[in-house]
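Novice: If you scroll down you'll find the structure; I have some questions about it.
The values are calculated or read from the model by the stated rules, or taken from the named source; none is laboratory data. Just so we're clear, the structure is a prediction, and the values are computed from it rather than from any experiment. Using ideal geometry, Cβ is built from the backbone for each residue, glycine included, and neighbour counts are taken over all protein chains shown. Heads up: the accessible areas ignore ligands, DNA and RNA and are worked out on the full protein's heavy atoms, side chains in. Shrake-Rupley method; radii C 1.70, N 1.55, O 1.52, S 1.80 Å.
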Amino acid sequence: MSRTLPVQKNEYIDVVFEDLTHDGAGVAKVEGYPLFVPGALPGEKGQIKVIKVNKGYGIGRLIEIHEKSFYRVDVARSESHKYGGCQLQHMNYEGQLKYKQNQVEQVLKRIGKLENVKVHPILGMENPWHYRNKAQVPVGERNGELIAGFFKPRSHEIVDTNESLIHTPEINEAVNVVKETCRKFGIQAYNEENHTGVLRHIMARYGMKTGELMVVIITRTRELPHKNEIIEKILERLPQIKSIVHNVNFKRTNVIMGDQTTVLWGNEVIYDYIGDVKFAISALSFYQVNPVQTKVLYDKALEYAGLTGEEKVIDAYCGIGTISLFLAQKAKRVFGVEVVPEAIDDARRNAELNGITNAEFAVGEAEIVIPKWYKEGNTADILVVDPPRKGCDEALLNTIIEMKPKKVVYVSCNPATLARDLRILEDGGYRTVEVQPVDMFPSTSHVECCALIKLIE
Ligand code: SAH
């Protein structure tokens, strides 16, 4: 097969990079055959080694850059900075924002066939570093010593890391303290291959507004050896800590958290705020990882909803009710729908915590619950959707088209599925008025958008 392709596996070739993929790899073409090369930027020239050839595309490794992009920054201060899911950290922030803006505009045209939609300039962060309020760090062993950091891309090798450039300093410190403490007491690292050992992951969460800190120690074994000494040491070194949690995951799995969770010290939850809304965050709860930009995104969603106090709003894919509770401050009633029952428990608890009485929550799939409500005569003036990467289920979009809410506010973490869904709504009598990209995840290739869609009267 590979004989018909213009490149061979293991071949070294010089290429020119023209573009970036949606996940931030450089794209070079050889006789029309695309090669995806992580770490390369558009406009650059360099040598690559072809490491994989598929029918429609190949994968290369960047060997040497002959001509650098204007946007390239040197991040390789230490090896560890190269990893950790930061596909774009070799690009300066101006370049990242430009790339994300362009991606949204292109995808709306190409997939959504939306030629004249107003796409506002992306809202970036003033300081795009140290923004993440949560870390989940895998633990391993090197030369008999406990290490924790990041998996090297496409491998199971862990790179020991003490400082992540995207986690808050408090999170970095918390992870380091737990790592050093466990090292000191000789805790064995989990061994993925043999499914032996003890410590699998270290997790830390930080309330940026409240300063409250939680650490979660995830082990394969039911017992954490030297438990009391470890707790004591952590308390001594992290005085702002509010919660130390132990989670047991004895399964052979990539899933980080197991089924058994116990509080070793302090509270079961920490608190944080987005705007004026207070959230209780437990070890297992979903909570937005960049609260600063979450506020920017939700303010935009609220602005697009344009609430006067009279509206009935449905918030589909509501998670722990973050958007619902934001909307409830300005709407008559809000109905949130979410498939994960524990998230709905959190949503109800968070409504109560904030004294919000006009928000109700239901467990179920949005594409089943909302059509059922519609059949029973329960409609809404505004629909807010915030689906996972795969976008909205078509059954939900069809119900929206039948129900005819005046407005749909679409919060999206994947421009491609946003564009696909906007096309369906447009064909069903809606018009996309404007789209606001928001940079929730600097240094990564992820891009978030909020779109306003109106029913054509
Ligand atoms: N709006 C929330 C969460 C958005 S993430 C926030 O901003 O915090 C998307 C959510 O959709 C997740 O909580 C996921 O569990 C949920 N989900 C996934 N598929 C779903 C479906 N078919 N119906 C309802 N919820 C779903």
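Novice: Run down the aspartates and glutamates and flag those whose C-alpha is under 14 Å from the C-alpha of K251, throwing out any fewer than 8 positions away in its chain.
Specialist: E192, E193, D259
Novice: What is the log10 of I(q)/I(0) for the chain, computed with the Debye formula using one identical point scatterer on each Cα and no solvent, at q = 0.06, 0.10, 0.11 Å⁻¹?
Specialist: -0.30, -0.84, -1.00
Novice: Residue-wise, which Karplus ³J(HN,Hα) couplings in Hz belong to the range 109-118, taking 6.51 cos²θ - 1.76 cosθ + 1.60, θ = phi - 60°, and x for glycine or proline?
Specialist: Residue by residue, the range 109-118 yields 6, 6, 8, x, 6, 9, 7, 10, 7, 7 Hz.
Novice: Report for the chain the percent antiparallel among DSSP-assigned beta bridges with both residues inside it, nearest 5.
Specialist: Just about 70 percent of them are antiparallel.
Novice: Moving on. Please give the FRET efficiency for N398 paired with D345, using the beta carbon to beta carbon distance and R0 = 25 Å, rounded to the nearest 0.05. Write down the numbers at each step before the final one.
Specialist: Numbers: r = 30 Å, r/R0 = 1.19.
So, using R0 = 25 Å, E works out to roughly 0.25.
Novice: Taking a probe of 1.4 angstrom, what is the accessible area of W373 in Å², to the nearest 10?
Specialist: 40
Novice: Can you compute the charge dipole magnitude of the range 190-303 about its Cα centre, using +1 on each Lys and Arg Cβ and -1 on each Asp and Glu Cβ, nothing else charged? Give it in debye, rounded to the nearest 20. Can you show the working numbers first?
Specialist: Working: 14 positive and 13 negative charges, 29 e Å.
So the dipole magnitude of the range 190-303 works out to roughly 140 debye.
Novice: Still on this structure, I have one more. Please report, as a whole percent, how much of the solvent-accessible surface of the chain comes from carbon and sulfur atoms (probe radius 1.4 Å). Let's see the in-between values first.
Specialist: Working: 10080 of 20940 Å².
It is 48 percent, rounded to a whole number.
Novice: Sorted by mean Cβ packing within 10 Å, highest first, what order do the peptides 399-411, 319-331 take?
Specialist: Numbers: 399-411: 20.4, 319-331: 24.9.
The packing order, highest mean first, is 319-331, 399-411.
Novice: Something else now. If you take the charge dipole of the range 12-69 about its Cα centre, with +1 on Lys and Arg Cβ and -1 on Asp and Glu Cβ, which of I65, V53, I13 is farthest toward its positive end?
Specialist: V53
Novice: Follow-up. Of V269, L123, G140, whose Cα points farthest to the positive end of the dipole of the chain (charges on the beta-carbon: +1 Lys, Arg; -1 Asp, Glu; origin at the Cα centre)?
Specialist: Among V269, L123, G140, the one farthest towards the positive end of the dipole of the chain is G140.
Novice: Here's another thing I want to ask about it. Residues of the range 377-422: accessible area per residue at 1.4 Å, in Å²? Display every interim value, and only then the final one.
Specialist: Working: 1580 Å² over 46 residues.
Using a 1.4 Å probe on heavy atoms only, each residue of the range 377-422 averages 34 Å².
Novice: Here is a follow-up. Quick one: dipole size for the chain, taken about the Cα centre, charges +1 on Lys/Arg Cβ and -1 on Asp/Glu Cβ, in debye to the nearest 20. Kindly include the intermediate steps, with their values, before the conclusion.
Specialist: On the way: 57 positive and 60 negative charges, 139 e Å.
In total the dipole reaches around 660 debye.
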